[in-house]
Each structure stands twice: as C-alpha cells, then as structure tokens.
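To start, the structure under review is shown below, and the notes come after it.
The values are calculated or read from the model by the stated rules, or taken from the named source; none is laboratory data. Fair warning: this is a prediction, and the values are worked out from it, not measured in the lab. In this analysis, Cβ positions are derived from the backbone assuming ideal geometry, glycine residues included, and neighbour counts consider all displayed protein chains. Quick note on the areas: whole protein, heavy atoms, side chains included, nothing else; ligands and nucleic acids left out. Shrake-Rupley method; radii C 1.70, N 1.55, O 1.52, S 1.80 Å.
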Amino acid sequence: MGRNFRGLNLSILWQGLAGAEGGKGDRIVPPTGFTAQLTLFSAGAMAFLAVFALALALATGRLADRWASELAGSVTVRVSAPVADQEAQVQGALSILSETPGAGQPRLLPQDELADLLEPWFGPDMPVDALPVPALIDLPVTGDDFDAEGLRLRLEAEAPGAVLDDHTEWRRPLVSAANRLRMLGIVSLLLIGAASAAMITLAAKAALAANGQVIRVLRLIGARDLTIATAFVRRFTRRAAVGSVIGTLAGMGCVALLPGASAAGGFMTGLGFQGWDWLMPMTIPLIAAGLAFVATRWAALTMLDAVR
C-alpha cells in the first residue's frame, strides 16, 4: 500500500477527474448497474437530508440569538401590595426605575395588556379588575451600566412590594435548548457526511472487486495502478456530484415550501433559509464530491494493492 500512496499524484488524479471519459481505465468502471445506482441514490438522499440538517442548524442559531437579545433587552418589575398601598408602591417603584442608570423609560402595563397576558390561561371573559393581579412595569435596558442586582436590592429596601425579574430563569433554558438543537444539526451534518463517504467507499470497493480479473489483464498489458485509480475516482466522484446536486435541489425546494417566519409564529415557522443563507446549501454538492474523491481514492488504493 505504501508504494501506491507514494506513486499517487493528486494533481494528476485531479486532471484525470476533470478530463473526458472513455480511456481504457474508464472501461473497467461499470457505467450502469448496482454500484452506479447505489452511488447516485445515496449521494442524493444524503444531500437531501443535509439540506434539512443545515436548515435546522441555521434556524436554531437565529432562534437562540433572537431569544437572547429580546429577553436580555428588558426587565420586568412586579408590584404586589395591599389595595390601599398598591398605588403608592407602584409610584415609588416607577420613581426608582426612572433614576436607574442604563435603563430607559419605565412603562406601567395597562389593564388591557394584562388581560391579554392572562387570556391563554383564564380565557377572554375573565374580569381582570376583580382579580388580585400585581402591577407589571416594563423597563427597557439601554446601557451596559445597567446593574440588575443593585436595582433588585434598592427595590427591596425602598419598595418592598416590588420584585425585579430579569428573565434569567426563562432565558437560560430557552437559549440552552436552542444551542443544543443547533449542535444537533451540526452533528447530523457530520454524520451524514461520514455515512455518504462510507457508502461510496463500499460501492467503489464492490466495483473494484467485481472487476478484479479485468484489472489483472490491464496490468499485464501495461496499465498502471494510477490509471485504474484515476478512472474509479473520476467516475464515482461524478456520480456523487450528480446525485448530490439532485438531492440538494429537491431539499431546497421542500424547504422553500415550509411556512415562513411570522410575527405570531414560533419556532416551527422559521425553519427555512433566510437571505444569503440560501447560498449555503450550494456547497453541499462540492463537499459531497470532495468526500467521494477522498473515499474512492482510499478504496481504490486499498483494493488495487490487494488484487494481484
């Protein structure tokens, strides 16, 4: 095997890959049959799945960034106090919040917005005024000098009924889940690439093994291992490229049919590609061709060393 690795020139192989077919080495590679169909189908299927794995990775990345920025962009102050002290507590909290460095103008949520927040749990006909609902104050974070812990301590001292919620308990698990989904998409892409390389390797080895007698005859008439390996690398790389192009286009077409991101939609309405992301699936056929090149090269060198 060492002799074959030293004798293999990658530049010559690439020239053979880009050249025209029809040489004596090409004739030993079956143009049709089981190996051709297996290579085309596996490359197309894996490219199709890779498009969806890539869409999942990109969509969850956008989701994690959006959740992190939106939830970190504001805090909420909840004011709970007896009815007689409620208004005074609210005004005291508003006064403290308006003087907080790094924070914008605080806004007391009106009753109709509170009703909208409670509607999924209590229904649209629930009289919010009759419930002991705490007052909610939305405070936008506008500067890096905002100190949530310092504000929490001041509210406890000057407005005991006010509780600061910086959404940390909500933000961390959501962002963590989105990041894990993104990693799952990346791992899926790696597994798809490994499975594609494995199937192409098996197909190339099967073709080489089936043509062992032909290879021996070619050697007897002067054919070099480089010529034979170049023929296999060229043919299987082209098959993988054609199959992956078909699979990629089919996958992109299916992704285009998914619901687009909307203001009311959640995670399931933002799984498609956006903007320049549509160019990223175009790299899948190139990667598939590269994997086929490397896998077939290894398989050809291994099998040719064994066929004597």
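In this simple spin-label approximation, residue 279 and residue 84 carry label points 7 Å from Cα along the Cα→Cβ vector, and these lie 6.9 nm apart.
Taking all protein chains together and a 1.4 Å probe, the residues 136, 151 rank 136, 151 from largest to smallest accessible area. Among the protein heavy atoms, those of residue 117 account for about 90 Å² of accessible surface (1.4 Å probe, every chain in place). Translational diffusion coefficient of the range 203-255 (Stokes-Einstein, Kirkwood radius from Cα pairs, 37 °C, 0.692 mPa s): 253 µm²/s. Around the Cα centre of the range 175-245, unit charges on the Cβ atoms of Lys, Arg, Asp and Glu (plus for the first two, minus for the last two) sum to a dipole of about 120 debye.
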